[in-house]
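The values are calculated or read from the model by the stated rules, or taken from the named source; none is laboratory data. Here the structure is a predicted model, which is why all the values come from computation and not from measurement. When we count neighbours, we look across all protein chains shown, and the Cβ atoms used for this are built from the backbone with ideal geometry, even at glycine.
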Amino acid sequence: MLTVSCASDAEIEVDRDGRFIKYPNGVVCDNKTGLEWYAWPDKETNWKMAEQWAKRLQVAGGGWRLPAIKELEALYEKDVGTRNMTPLLKTSGWYVWSGETKGSSSAWGFAFSYSRKYWDTQDSPSDGQAFAVRSIKHPGHLISCIDWGSQSTIENLSWTIEWFKKFPGTI
């Protein structure tokens, strides 16, 4: 399995929790998925406000969005931290909005209390919290962030070559 490390704008680690690294700017990197996370100020919000916040977020260069349900599910770790997820993502809420909608007036969220997706109206706070997420943007950045100690150099190099075959001219 390839392990990727995210290079945040602030390269100095503040804290580490297994596969997660937190940087001084508040960005939390998931080395397993290559996703970077940022937590909404710890208060309830509705989906519409959460979506606008994520789109406008400029921390570490912007490019943020609300996560997909599958991305939230990947954060779930039973009995880890106080909310069944890494404690590096600071939240007192159990429910986190996703970027997925249900019709024109509802949206999906994920309940970390019992590892289930749920839906609610987009203008209802319903204890909802928000995380912003983004993936590594540049394949060149990805190469520099490969954790070469996690696999043999040949496997990583092979993976990198395959990446550039799929996405030529991306450096």
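Tabulated values for the structure
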item	result
Close pairs (7 angstrom Cβ cut-off, 6 or more residues apart or separate chains): over 19 Å from LYS117 (Cα atoms) in the stretch 73-97, at pLDDT below 85 anywhere	PRO87/GLY81; LYS90/ASP42
Test: residue in the stretch 36-43 that is closer than 20 Å to ASN25 by Cβ, surrounded by fewer than 20 Cβ atoms within 10 Å (Cβ to Cβ), touching a residue at least 40 places away in the same chain (Cβ under 8 Å) and small (Gly, Ala, Ser)	yes
Residue count for the stretch 88-138, restricted to those that are assigned to a loop (DSSP other than H, G, I, E, B), modelled with pLDDT of 85 or more and hydrophobic (A, V, I, L, M, F, W, C)	3
Candidate set: the stretch 26-55, residues that are among the acidic types (Asp, Glu) and at pLDDT 90 or above; chosen: the one nearest to the chain's Cα centre (by Cα)	GLU36
Residue among ARG116, ARG56, ARG16 that is surrounded by fewer than 17 Cβ atoms within 10 Å (Cβ to Cβ) and in contact with a Leu (Cβ under 9 Å, 6 or more places away or on another chain)	ARG16
Pairs where the first residue, in the stretch 11-24, is over 18 Å from TYR76 (Cβ atoms) and the second is surrounded by 14 or more Cβ atoms within 10 Å (Cβ to Cβ) and basic (Lys, Arg), C-beta under 8 Å, 6+ apart	GLU13/LYS22; VAL14/LYS22; ASP15/LYS22; ARG16/LYS22
Test: residue in the stretch 14-21 that is out of contact with any Cys (no Cβ under 8 Å at 6 or more places or on another chain), of a type in the set (A, V, I, L, M) and in a loop (DSSP other than H, G, I, E, B)	yes
Residues of the stretch 42-93 classified as in contact with a helix residue (DSSP H, G or I) (Cβ under 9 Å, 6 or more places away or on another chain) and among the charged types (D, E, K, R), total	1
Leading residue by the ranking (nearest to GLY128 (Cα to Cα)) among those in the stretch 44-72 that are without any contact (Cβ under 8 Å) to a residue 60 or more places away in the chain and part of a loop (DSSP other than H, G, I, E, B)	ALA68
